[in-house]
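The values are calculated or read from the model by the stated rules, or taken from the named source; none is laboratory data. Since the structure is predicted, the reported quantities are computational estimates derived from the model, not experimental observations. Every residue, glycine among them, receives a Cβ derived from its backbone with ideal geometry; neighbour counts consider all protein chains shown. Surface areas here come from the heavy atoms of the whole protein model, side chains and all, with no ligands, DNA or RNA. Shrake-Rupley method; radii C 1.70, N 1.55, O 1.52, S 1.80 Å.
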Amino acid sequence: MSQDQWTAVDHYISDLFIPPDAALEAALTRSAAAGLPSINVAPNQGKLLHMLARLIGARAILEIGTLGAYSTIWLARALPTDGFLITLEAKPEHAKIAQENLRQAGLTSQVEVRLGPAIETLPQIAAENKGPFDLVFIDADKQGTPEYFRWALDLSRKGSLIIVDNVVRGGKVIDATSTDPNVQGIQRFHQWVAAEPRVSATALQTVGSKGYDGLTFIEVIN
Ligand code: SAM
């Protein structure tokens, strides 16, 4: 199996199930033109996020790691008209493009892009009593994932869904001797989730246009 094959099959899936979408495509084009890295979720993953948000009837969504708001658009479109999404982004140049992409997608009234390191904006959101959130999508710096999970739990309720991206890291997640802080962050996060009585979790390995990685899904049960 090769990256070319994974990418071709992702295109096959997207061609089948994801109709052309001007706002999403423009968001990717504008992000690329502005020099943002192409580390957004793939279209089929974005649709999975959208479907999960709809299936759980999410009215309040928190995203940690905005980039150009590609996943944000998928998630926000799952909201009812009175729902809202807050997305956290550390880099002003990313937040600026995200705002423009959200404006073009007609989502500015429901989505707030909050600028700053998540470790600073998460306590603000807690202090403002914005939660509980029905769905939290964690997709920022991976070494920060354990701390973001702590906040996600604090800002959740029984029945909330927490989804974490990039948890397999090309298989490096099983290397107990890894000195990569991103791998170590995911390992610490997984150890915590496995021992945490307030949640039930599983993880899936993924291959596709974004390479070999994975997603962890966490249901808050208590
Ligand atoms: N969720 C986006 C999508 O799929 O379209 C992709 C997010 S990208 C993988 C990660 C983003 O998190 C980047 O834009 C990066 O600047 C941001 N980020 C990294 N560290 C952060 C931090 N400490 N606080 C907030 N955002 C951070």
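The single condition from (1) hydroxyl-bearing (S, T, Y); (2) part of a helix (DSSP H, G or I); (3) closer than 21 Å to R157 by Cβ that T72 fails is (3). The residues of region 7-27 that are part of a helix (DSSP H, G or I), open to solvent by less than 60 Å² (accessible area, probe 1.4 Å) and not polar (S, T, N, Q), listed by number, are A8, D10, I13, A23, L24, A26, A27.
Just so you know, in region 157-171 the residues that are closer than 15 Å to Q187 by Cα and either part of a helix (DSSP H, G or I) or not polar (S, T, N, Q) (or both) include one that is farthest from the ligand (Cβ to nearest atom), and it is G171. Being on the phi > 0 side of the Ramachandran plot, buried (at least 20 other Cβ atoms within 10 Å of the Cβ) and within 15 Å of the ligand (Cβ to nearest atom) is a property that A76 lacks.
Examine region 142-156 for a residue that is more than 16 Å from the ligand (Cβ to nearest atom), under 29 Å from A32 (Cα atoms) and in a helix (DSSP H, G or I), and state whether such a residue exists. Scanning region 142-156, I find no residue that is more than 16 Å from the ligand (Cβ to nearest atom), under 29 Å from A32 (Cα atoms) and in a helix (DSSP H, G or I), so the answer is no.
Search region 90-133 for residues being part of a loop (DSSP other than H, G, I, E, B) and open to solvent by less than 20 Å² (accessible area, probe 1.4 Å), and hand back the single one that is nearest to the ligand (Cβ to nearest atom).
Keep residues of region 90-133 that are part of a loop (DSSP other than H, G, I, E, B), which gives 90-91, 105-110, 116-117, 128-133.
From what is left, the residues that are open to solvent by less than 20 Å² (accessible area, probe 1.4 Å) are 107, 116, 133.
Working: L107: 14, G116: 7, F133: 15 Å.
By that ranking, first place goes to G116.
Cβ-Cβ contacts under 9 Å between residues 6 or more apart (or on different chains), taken from a first residue in region 33-48 that is among the β-branched types (V, I, T) and part of a loop (DSSP other than H, G, I, E, B) to a second residue that is more than 9 Å from the ligand (Cβ to nearest atom) and open to solvent by 40 Å² or more (accessible area, probe 1.4 Å), are listed as I39/K210; V41/L48; V41/K210.
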